[in-house]
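A short worksheet on the structure shown next.
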Amino acid sequence: MNGSFCQVGYKATWHIKNDKIAKYMTRNKWEKRLVLQMPHLLRYAKALTRNNDMANDLVQDCLERAWNKRRLWNSQRTLRPWLLTIMHNIFINQKCKQSNNQETTLEELTLVDEGADASQLVQLRDLQVAMGKLSPEYREIILLAGLESLSYKEIAKVTGLPLGTVMSRLSRAREKLRKIMNSTETDNVVQLR
Amino acid sequence: MKQSDLNVTESDLQAYVDGHLEADRAEQVTQYLEQHPEEAKRIRAYQEQNQLLHTLYEKDDLSLLKRVNENFRKSNSAKRRPLANLAYATAATWLIVGLTVGWGLNEVTSPHQDIVYTLPHTALVAHSVFSPEVRHPVEVTANQEAHLVKWLSKRLNRKLKTPNLNPLGYALVGGRLLPAQNGPAAQFMYENKNGARLTLYIISQSSKNTAFKFFERNDIKVFSWADTNMGFAIVGSISKDQLLRAATHVYNELDI
C-alpha cells in the first residue's frame with residue numbers, strides 16, 4: 001500500500017503558468033492570503049498526520065514552499081487546492097523517507113466539549129480511531145472530499161491521480177471506514193455486557 | 001453497489017454524498033435510494049461520516065492553533081533555531097492568529113507587553129464598565145471640555161484633543177482618567193441621539209506595530225492602532241462599518 005503511494009513521487013502536477021497578477025502581487029497580499037489559509041491547512045494536516053508536531057511541521061514546510069513558489073501560482077486557480085497539492089507532495093515524500101520502520105505516534109485527543117452530547121462523543125471517538133486505522137491514502141482522499149469539500153477534479157490534481165482512480169479509491173475508502181466504524185460499535189456493545 | 005435502473009453509478013452516489021450533483025440528478029438519485037434501502041443505508045453512513053469529520057476536526061481547530069502558538073513561543077524563547085525569512089513571518093502571524101483565538105476563548109493571559117495586544121482588551125473593559133453608567137458616565141463633562149483636555153494632556157504628558165464626531169452624529173459626553181497597563185489612560189465618551197455610546201481610549205505608550213487592529217467580543221467592537229507616541233482604541237456596540245468610519249474620523253483628526 002505504501003509502495004503505490006510513494007510511486008507518485010515528488011513532482012508538482014499542477015498546471016503552472018507564469019501569471020502577470022501573481023507576479024506583481026505584493027508581498028503583503030501574499031502573506032495575507034497565506035495567513036487566511038492557515039487554519040484550514042492546520043486542520044487538514046492534523047487530520048492527515050494525526051500528530052500535532054508533524055502537522056505543525058507539515059504546515060510550516062508547506063507555507064515555506066508556497067512562499068518560494070509564489071510566482072509560479074496561476075491566479076486562475078483557487079489557492080487552497082494549490083496549497084494542498086504542495087502539502088500532499090511533502091507528506092508523501094516524508095512517508096517514503098520514513099518508509100515503514102517508523103510508526104507515527106498517535107497523540108490522543110481529548111474531546112473536551114460541553115456542547116456535544118455523550119452519544120455524539122462516542123461517535124466522534126469511534127471516527128477518530130477508525131480514521132487512524134485507515135491507510136494514509138484512504139485517509140487523505142476521505143479528508144479531501146469530506147472535510148475540504150474539494151471537487152473530484154481538484155482531488156485528482158492534488159493527488160496526481162486519474163479521475164477514475166480518485167472515484168474508485170474514494171468509494172473503497174468510505175466503505176472501509178464504514179466497516180471499521182461498525183466493528184468498533186460492536187466492540188463497544190460487547191464491552192458493555 | 002449495483003448500477004441498475006436510472007443508470008445511477010457509484011460515482012453518482014459519491015457525488016450525491018458530497019453534494020456535487022445537479023439538482024435534477026440529485027432528485028433521481030434520491031428516488032433510486034428510496035427503491036434500494038440497502039444502498040440508502042450505505043449512503044447515509046457516508047453522509048454521516050462527512051458530518052462527523054467536520055465536527056471532529058473543526059472543533060479541534062482552535063485548540064491546535066493555540067498549541068502551535070504556544071510551541072512557537074516556547075521555541076522562540078528557549079532555543080532559537082535559524083529560520084528563513086518566511087519562517088519569521090509565519091511564526092509572527094501564527095502568534096497573532098493564536099492570540100486572537102486565545103482572546104476569543106478568554107483564556108490567554110498574554111505575556112506580551114506590547115500594547116497592540118493589551119490595548120484593545122483594556123479599552124473594551126473600560127467601555128463596558130462606564131458606558132452603561134447613567135448618572136456618572138464621566139468624571140468631567142463636555143461643558144468643561146477645555147479643562148478636561150488640558151487636565152488629561154497633563155496627566156498623559158501628551159498633547160491631546162477631543163476629536164469632533166458630530167458629523168457622525170456623536171456628541172462628546174465628557175471624559176475621565178483611568179489606570180492602564182503601565183500608566184494613565186484617557187477615556188472620552190461620545191453619545192448619539194439614541195443614547196448609543198462610543199469610547200475613545202488613549203494611552204501614552206506606543207508600539208512599532210502601527211497597523212489598525214479589529215477585535216470583537218460579546219457584540220462590543222474595538223478598533224485600535226498606535227502612532228509614534230500614543231496608542232488609540234475606539235470601542236462601541238455598533239456595526240463594524242460604522243465603527244470603522246468613526247475610527248477613521250478619529251485617526252484623521254488626531255493626526256496632527
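Nothing in this text is a laboratory measurement; each read-out follows from the coordinates by a stated rule. Worth saying up front: this structure is predicted, and the values here are computed from it rather than measured. So basically every Cβ, Gly included, is an ideal-geometry build from the backbone, and we count neighbours across all protein chains shown.
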Problem - Length released on extending from B:LYS193 to B:ASN218, taking residue separation times 0.36 nm less the Cα-Cα span - result: 6.7 nm
Problem - Vicinal HN-Hα couplings computed from phi for the stretch B:159-165 (Karplus, 6.51 cos²θ - 1.76 cosθ + 1.60; Hz; Gly/Pro x) - result: 7, 9, 8, 8, x, 8, 9
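Among B:PHE212, B:PHE232, B:PHE188, which comes first, then next, by fewest other beta-carbon atoms within 10 Å?
Details: B:PHE212 13, B:PHE232 22, B:PHE188 27.
Starting with the residue having the fewest Cβ neighbours, the order is B:PHE212, B:PHE232, B:PHE188.
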Completion exercise
Cβ density ranking, 10 Å radius, fewest first, applied to A:VAL59, B:VAL116, B:VAL250, B:VAL134 yields B:VAL134, B:VAL116, B:VAL250, A:VAL59
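If you take the beta carbon distance between B:ASN7 and A:LYS179 as r and set R0 to 25 Å, what does 1/(1 + (r/R0)^6) give as a FRET efficiency, to the nearest 0.05?
Numbers: r = 27 Å, r/R0 = 1.08.
Step by step, r from the Cβ atoms, then E = 0.40.
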Completion exercise
Ranked from fewest to most other Cβ atoms within 10 Å of their own Cβ, B:LYS161, B:LYS221 fall in the order B:LYS161, B:LYS221
Completion exercise
In terms of the charge dipole of the stretch B:1-52, which places +1 on Lys and Arg and -1 on Asp and Glu at the beta carbon, the residue among B:GLN51, B:HIS20, B:THR30 farthest towards the positive end is B:GLN51
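Fully extended, how many nm does the chain gain between B:GLN181 and B:LEU254 (0.36 nm per residue separation, minus their Cα-Cα distance)? Write down the numbers at each step before the final one.
Numbers: separation 73, 0.36 × 73 = 26.28 nm, distance 2.23 nm.
That pair, B:GLN181 and B:LEU254, stretches by 24.1 nm at full extension.
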Completion exercise
Listed by chain and number, the residues whose amide H is under 5 Å from that of B:VAL173, excluding neighbours fewer than 5 places away on the same chain and using placed H, are B:MET189, B:TYR190, B:GLU191
Problem - Cβ-derived FRET efficiency at R0 25 Å, A:VAL122 paired with B:ALA23, nearest 0.05 - result: 0.10
